[in-house]
1. Going by the structure shown, is N155 under 11 Å from the mean Cα position of the chain (by Cα) and either buried (at least 22 other Cβ atoms within 10 Å of the Cβ) or of a type outside the set (D, E, K, R) (or both)?
2. I'd like the residue in the stretch 108-139 that is basic (K, R) and assigned to a helix (DSSP H, G or I) and, out of all such residues, is surrounded by the most Cβ atoms within 10 Å (Cβ to Cβ).
3. Given the conditions (1) among the hydrophobic types (A, V, I, L, M, F, W, C); (2) at pLDDT 85 or above; (3) assigned to a helix (DSSP H, G or I); (4) crowded, with 21+ Cβ neighbours inside 10 Å, and given that L67 satisfies all but one, which numbered condition is not satisfied?
4. Limited to the stretch 23-38, what total is found for residues that are in a helix (DSSP H, G or I) and either farther than 13 Å from F166 by Cα or free of Cβ contacts under 8 Å to residues at least 40 places away in the same chain (or both)?
5. Is the stretch 2-12 home to any residue that is of a type in the set (G, A, S), closer than 19 Å to L126 by Cα and modelled with pLDDT under 70?
6. Just to verify a result, which residue in the stretch 39-50, among those that are under 11 Å from the mean Cα position of the chain (by Cα) and part of a helix (DSSP H, G or I), is surrounded by the most Cβ atoms within 10 Å (Cβ to Cβ)?
7. Could you give every pair whose Cβ atoms fall below 9 Å, whose first residue belongs to the stretch 44-62 and is within 30 Å of Q106 (Cβ to Cβ), and whose second residue is in a loop (DSSP other than H, G, I, E, B) and modelled with pLDDT under 80, counting only separations of at least 6 or pairs across chains?
8. Among the listed residues S103, S175, which satisfies the condition of being modelled with pLDDT under 80, of a type in the set (S, T, Y), closer than 20 Å to E39 by Cα and buried (at least 17 other Cβ atoms within 10 Å of the Cβ)?
Amino acid sequence: MIGRAAVILVQPLVVLIHVLGIGVSSSLGYVLPAIIGLESMGIPSPGETALVLAAVLASQHKLQIWLVLVIGIASAILGDNIGYLLGRRLGRGVLTGRGPFRSHRQRAVAAGERFFERHGNKAVFLGRWVALVRVAAAWLAGINHMPFRHFFFWNALGAVTWGTTFGLAGYFGGSAAAHFITQFGLAVAGVVVVVVVGVWLVRRLRERRAAA
């Protein structure tokens, strides 16, 4: 729901930039994927939408897509690590306490807790693909004292696959392609995992045959 609303809100901006050819400086454009870090830290932000918009700008040769992906993925990993540490040290009360977006934060925590109960440690990876869970996943991992090495693995895997998928979808297919991925986030995540595991298995088989 939130991911859908974010894409709907940003579509007029994408169209406006495309039709009018509005110039976007590199310094401003590359701030867009960095917004992902705020969302990953637990601050409700349109990180997914910002990444897609930056990728669309890259498709118009206003930005470099490789740099958009690097900034987006690095921001996701760094933001999640900060969220994890904050959750581990400050606890659940800070995330659900008074302040801006309190009702949204409370809903995110409730959804995240159900998600963690169902998926365990993998929720850090899968939560990256679900807008409502994404904002609270790192905090909840810290609150539940998930071992950091497990958290970092699933966090990095989710950031790399999610950031690359959405970035390239925005670059090659525009906001409509990214909107489709938003609607079927977990299914797309499953496909990505199958592809990654499949490639790894094929390489392992080839290495064994070469060594035999």
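1. yes
2. Residue satisfying both the conditions and the ranking: R134.
3. L67 satisfies every listed condition except (4).
4. Residues that pass the stated criteria total 10.
5. Checking the stretch 2-12: at least one residue is of a type in the set (G, A, S), closer than 19 Å to L126 by Cα and modelled with pLDDT under 70.
6. Residue satisfying both the conditions and the ranking: T49.
7. Close Cβ pairs satisfying both conditions: P44/P100; P44/F101.
8. One residue alone meets the criteria, S175.
The values are calculated or read from the model by the stated rules, or taken from the named source; none is laboratory data. On a predicted model such as this, the values are computed, not experimentally measured, just so you know. Note that each Cβ is placed from the backbone with ideal geometry, even for glycine, and that neighbours are counted across all protein chains shown.
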